[in-house]
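Submitted below is the structure of interest, expressed as structure tokens.
The values are calculated or read from the model by the stated rules, or taken from the named source; none is laboratory data. Everything numeric in this text was worked out from a predicted model, so none of it was measured. Virtual Cβ from ideal backbone geometry, glycine too; neighbours counted across all protein chains shown.
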Amino acid sequence: MKKKLSPEEIYNRLANVEDARACKGIDENACTSVPGNYVTLLISQILSQFADALLNPKVTLPWLMQSLQVPSAFIAWLVPIRESGSLLPQLAIADYVRTLAVRKWVWVCGAIVQSLCILAMVAVGLFLQGDAAGYAIITLLVIFSLARGFNSVAAKDVLGKVIPKKQRGSLSGYAASAAGLATITFGLGLWYFQQQGDKISVLLALGAGALVWLLAAAFYAKIDEYPGATEGGRNGLKHAIKKLNLLKEDTRFAHFVITRALLLCSALSAPFYIIVASEQSFNFSLLALFMGLSGLASLVSGPIWGRLSDLSSKHVLVFAASLVSINGVIVYLVATYANSLLASLAFMPSMYLLLTIAHQGVRLGRKTYLVDMADGNKRTDYVAVSNTVIGVCLLLFGSLGFLGNWLTNAELILIYSVMGIAGAISAMLLPEV
């Protein structure tokens, strides 16, 4: 009978460090718990990312709302609320989190709330129609996004407390890879459900997402987190807003936030790739293909980007941003001067695959850079301020889509590509951490 691997053995194989007790960047008290925490965090991240794939605001929720005859005006708000709603309140949230010596429970509670919101959406799918269903789903999505805000602040802080530097990026990379495999599976299921035209199938997928969030919370609760600093923790939005002074006082942090804002191009341009492809008379099942490609990108590139981020998260940002820009320029040139190539079943899916690979690099690179840039409560403030600013930028840069009345989708992709070039240059000028 094959011997079961211990957490220490799994950690040694995945973290790939010569000294399994290497504790750079964390308190000495946390050293002995690193192997167990590494494995526990890895499992919880895999589960939470898979749950995110099951509640996709670009695919799953629009599909559910369309089946409930919800007006398109509601559907247009899904992505902005899902993304910005979890970022904008974080300035105030972080002030509360700083008052807690142990912060894993913030993440656990956030995961449970997200699970309950998804279950409520299932109930909406069973009992409501039209405007009533639209208002209910939007309200639940707002609560869901607020819970994600708590998770975001707590997750980076806990990661920085219990996992040493030079290992954080690889952990996130492995999680993205495993979750990518799950997303591929879900993409295949989405294609099957679309052929069946069965609303119940979507509700089952959402129900599965709620269950996975509960499992993620159960694993996260097992993290061995030592009590951390609480100095300066207090409640009140007024004090929280004062943290914006970090952007003026800490030039390195301000530079990072500007870079991160410019690198939003990888996320914001993705829907226009799908629109360009759908204009070529493909049916809805093409969306399942794109979702499967997103999973494939995470599966293949996640561990690579994670390992490279541990070596130099700055250079990962430069390379990934450059890839986003080059990819977008190619799509624009083909759409403008060789339009017939767009009709190829291979071209746009291939371009989208490269874009999502680059987006994985942007995501893992900037997450690792931010976590490594500060320690203790300063990390919590960095996460909160940057996420709040990025929430505003998402609304501003996302509104570029309204230019679609005057510009083609390919031209919009080109605009985001120019943003990517500026982001790559800005990242190149960042200091190493």
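Are any of the residues in the range 55-63 touching a helix residue (DSSP H, G or I) at 6+ places or on another chain (Cβ under 9 Å), surrounded by 19 or more Cβ atoms within 10 Å (Cβ to Cβ), over 25 Å from Asp381 (Cβ atoms) and modelled with pLDDT of 75 or more?
Yes, the conditions are met somewhere in the range 55-63.
Continuing with this model, one more query. Failed condition for Thr99, given (1) touching a residue at least 12 places away in the same chain (Cβ under 8 Å); (2) of a type outside the set (Lys, Arg); (3) assigned to a helix (DSSP H, G or I), with all others met?
With (1) touching a residue at least 12 places away in the same chain (Cβ under 8 Å); (2) of a type outside the set (Lys, Arg); (3) assigned to a helix (DSSP H, G or I) applied to Thr99, the lone miss is (3).
Listed residues Val108, Val17, Val70; which is in a loop (DSSP other than H, G, I, E, B), among the hydrophobic types (A, V, I, L, M, F, W, C), more than 22 Å from Ser294 (Cβ to Cβ) and modelled with pLDDT of 75 or more? Quick ask: steps written out before the conclusion?
Working: Val108 fails: in a loop (DSSP other than H, G, I, E, B); Val17 fails: modelled with pLDDT of 75 or more.
Result: Val70 is the single residue among Val108, Val17, Val70 that is in a loop (DSSP other than H, G, I, E, B), among the hydrophobic types (A, V, I, L, M, F, W, C), more than 22 Å from Ser294 (Cβ to Cβ) and modelled with pLDDT of 75 or more.
Considering only the range 125-143, state which residues are free of Cβ contacts under 8 Å to residues at least 40 places away in the same chain and either buried (at least 17 other Cβ atoms within 10 Å of the Cβ) or of a type outside the set (Phe, Trp, Tyr) (or both).
Passing the criteria: Ala132, Ala136, Thr139, Leu140, Ile143.
Can you pull out every residue in the range 322-339 that is farther than 11 Å from Tyr416 by Cβ and either in a helix (DSSP H, G or I) or in contact (Cβ under 8 Å) with a residue 40 or more places away in the chain (or both)?
So the first thing to find is which residues in the range 322-339 are farther than 11 Å from Tyr416 by Cβ, and the list is 322-323, 326, 330, 333-339.
Ser322, Leu323, Ile326, Ile330, Leu333, Val334, Ala335, Thr336, Tyr337, Asn339 - these are the residues of the range 322-339 that are farther than 11 Å from Tyr416 by Cβ and either in a helix (DSSP H, G or I) or in contact (Cβ under 8 Å) with a residue 40 or more places away in the chain (or both).
Rundown of residues vs (1) under 21 Å from the mean Cα position of the chain (by Cα); (2) modelled with pLDDT of 85 or more; (3) of a type outside the set (A, V, I, L, M), yes/no style:
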position	(1), (2), (3)
Phe290	yes, no, yes
Leu293	yes, no, no
Ser301	yes, no, yes
Leu323	yes, yes, no
Phe347	no, yes, yes
Leu355	yes, yes, no
Gln360	yes, yes, yes
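To continue, here is another question. Quick one: would you say Val79 is within 18 Å of the chain's Cα centre (by Cα), at pLDDT below 75 and crowded, with 16+ Cβ neighbours inside 10 Å? It would help to see each step written out before you state the result.
On the way: within 18 Å of the chain's Cα centre (by Cα): yes; at pLDDT below 75: yes; crowded, with 16+ Cβ neighbours inside 10 Å: yes.
When the stated conditions are applied, Val79 passes them.
Kindly provide the set of residues from the range 310-368 that are of a type in the set (Phe, Trp, Tyr) and touching a Phe, Trp or Tyr at 6+ places or on another chain (Cβ under 9 Å), ordered by number. Quick ask: steps written out before the conclusion?
Of the residues in the range 310-368, the ones of a type in the set (Phe, Trp, Tyr) are 319, 332, 337, 347, 352.
Of everything in the range 310-368, just one residue is of a type in the set (Phe, Trp, Tyr) and touching a Phe, Trp or Tyr at 6+ places or on another chain (Cβ under 9 Å), namely Tyr352.
Of all residues in the range 379-433, how many are surrounded by fewer than 16 Cβ atoms within 10 Å (Cβ to Cβ) and without any contact (Cβ under 8 Å) to a residue 60 or more places away in the chain?
Total satisfying the criteria: 9.
For residues in the range 263-279 being out of contact with any Lys or Arg (no Cβ under 7 Å at 6 or more places or on another chain) and under 19 Å from Leu88 (Cβ atoms), which is surrounded by the fewest Cβ atoms within 10 Å (Cβ to Cβ)? Even if it seems obvious, please write down each step before you answer.
If we filter the range 263-279 for residues that are out of contact with any Lys or Arg (no Cβ under 7 Å at 6 or more places or on another chain), which is where we start, we get 264-270, 272-279.
Cutting the leftovers down to under 19 Å from Leu88 (Cβ atoms) gives us 264, 267-268.
Numbers: Leu264: 21, Ala267: 19, Leu268: 22.
Here the answer is Ala267.
For the range 326-334, check the following and say yes or no: at least one residue is surrounded by 16 or more Cβ atoms within 10 Å (Cβ to Cβ), touching a helix residue (DSSP H, G or I) at 6+ places or on another chain (Cβ under 9 Å), of a type in the set (Val, Ile, Thr) and within 21 Å of Thr183 (Cβ to Cβ).
No, there is no match, as no residue in the range 326-334 is surrounded by 16 or more Cβ atoms within 10 Å (Cβ to Cβ), touching a helix residue (DSSP H, G or I) at 6+ places or on another chain (Cβ under 9 Å), of a type in the set (Val, Ile, Thr) and within 21 Å of Thr183 (Cβ to Cβ).
Here's the yes/no breakdown for (1) under 21 Å from Gln45 (Cβ atoms); (2) under 15 Å from the mean Cα position of the chain (by Cα); (3) part of a helix (DSSP H, G or I):
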position: Asp95; (1), (2), (3): no, no, yes
position: Val122; (1), (2), (3): no, no, yes
position: Gly125; (1), (2), (3): no, no, yes
position: Ala132; (1), (2), (3): no, no, yes
position: Ile143; (1), (2), (3): no, no, yes
position: Leu146; (1), (2), (3): yes, yes, yes
position: Lys161; (1), (2), (3): yes, no, yes
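Something else: What about Arg103, is it at pLDDT below 75, closer than 18 Å to Val383 by Cβ and either surrounded by fewer than 18 Cβ atoms within 10 Å (Cβ to Cβ) or not aromatic (Phe, Trp, Tyr) (or both)? First the steps, then the outcome.
Values: at pLDDT below 75: no; closer than 18 Å to Val383 by Cβ: yes; either surrounded by fewer than 18 Cβ atoms within 10 Å (Cβ to Cβ) or not aromatic (Phe, Trp, Tyr) (or both): yes.
In short, no.
Determine whether the range 32-51 contains at least one residue that is modelled with pLDDT of 75 or more, under 30 Å from Gln129 (Cβ atoms) and not basic (Lys, Arg).
So far as the range 32-51 goes, yes, one or more of its residues are modelled with pLDDT of 75 or more, under 30 Å from Gln129 (Cβ atoms) and not basic (Lys, Arg).
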